[in-house]
Amino acid sequence: MNILLSSFKYKFRSPVISFLALVVSLGLLPQRSYTESSDPWFALNKQVFRFNDYFDQLLVKPASASYVVVTPRRIRKGISNFFNNIQDINIAVNNFLQLKIDAGASDSARVFINSTVGVVGLLDVASVLGLERHEEDFGQTLGRWGVGSGPYVFLPVFGASSLRDSVGLIFDTALNPINYHDEIVLRLALYLVDEIDFRSSLLGYDELISGDRYLFVREAYIQNRNYLISDGIGFDEFGEF
């Protein structure tokens, strides 16, 4: 079953758990794809994966589970909206860099509406008004203009990536307005809440992992990135269902 989920979210803004979003599609990947990836640093990548996964299981996952228990759903939704609004800034910029003018204008309008009428993004008014939210980042922009992904790499803390997307991550991070707040304590607190909130949205998908966790994560990441860069053109979500 060769399924590429368009709803999968590549979160450059969540460094510790960027790779964890991959579990959305982990249980849906064909075994035959394992040998099709460019992973020349397999041994090192797998060790880094184990390091990241260990701390996720030890700290991030339990903290996220507790967050779900003690935080009302409406508040969690508002927190997710807030961080999505911040991410929309980067999405809008990368749409323009890819010459997707209409999408860039739509995402810019999303940021303006949600930052004002939506009370600094706590309310997603733009979606109610029919403004679609896109998924773009600088790694996709580089891919759009013909830059190859290069070897797969699993980064400490940041998670699944490639050489191209690692470079893109630098640009995307620079566009995050949280980085420019004067209070370092507030910046760290915002990053922490962001990561825990996003990780909490993935708790229900953890049980989808089967077999070699590293291989599932790698294949989910690579297939999803190819899907996003091509905007889904040429992919059949249910091609082998």
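Quick notes
- Hits in the stretch 75-113 (condition: closer than 21 Å to S200 by Cβ and of a type in the set (S, T, N, Q)): S80, N81, N84, N85, Q87
- For the stretch 153-177, residues that are surrounded by 15 or more Cβ atoms within 10 Å (Cβ to Cβ), closer than 16 Å to V217 by Cβ and touching a helix residue (DSSP H, G or I) at 6+ places or on another chain (Cβ under 6 Å) total 5.
- Scanning the stretch 89-129 for residues being outside any loop (DSSP other than H, G, I, E, B), in contact with a helix residue (DSSP H, G or I) (Cβ under 6 Å, 6 or more places away or on another chain) and not acidic (D, E) gives a total of 17.
- Of the residues G27, G104, the single one that is out of contact with any strand residue (DSSP E or B) (no Cβ under 8 Å at 6 or more places or on another chain) and at pLDDT 90 or above is G104.
- In the stretch 218-233, residue surrounded by the fewest Cβ atoms within 10 Å (Cβ to Cβ) [restricted to those that are farther than 17 Å from G150 by Cβ and of a type in the set (A, V, I, L, M, F, W, C)]: I233
- Looking at K100, K77, just one residue is surrounded by 14 or more Cβ atoms within 10 Å (Cβ to Cβ) and farther than 29 Å from S230 by Cβ, and that residue is K77.
- Residues of the stretch 105-125 that are touching a Gly at 6+ places or on another chain (Cβ under 7 Å) and either at positive phi or surrounded by 20 or more Cβ atoms within 10 Å (Cβ to Cβ) (or both): N114, D124.
- Hits in the stretch 130-165 - residues which are part of a helix (DSSP H, G or I) and within 23 Å of K100 (Cβ to Cβ): F138, G139, Q140, T141, L142, G143, R144, R164, D165
- Some residue of the stretch 191-201 being among the aliphatic types (A, V, I, L, M) and surrounded by fewer than 16 Cβ atoms within 10 Å (Cβ to Cβ): yes
- Where a residue in the stretch 185-207 is without any contact (Cβ under 8 Å) to a residue 60 or more places away in the chain and more than 12 Å from I79 (Cβ to Cβ) and its partner, wherever it lies, is surrounded by 13 or more Cβ atoms within 10 Å (Cβ to Cβ) and not hydrophobic (A, V, I, L, M, F, W, C), with Cβ under 9 Å and at least six apart: E207/G27
Listed here are the residues, each with its yes/no results for (1) aliphatic (A, V, I, L, M); (2) at pLDDT below 85.
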position: R199; (1), (2): no, no
position: L228; (1), (2): yes, no
position: I233; (1), (2): yes, yes
position: D236; (1), (2): no, yes
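The values are calculated or read from the model by the stated rules, or taken from the named source; none is laboratory data. None of the values given here were measured: they were computed from a predicted structure. Neighbour counts are summed over all protein chains in view; Cβ atoms, including those assigned to glycine, are modelled from backbone coordinates with ideal geometry.
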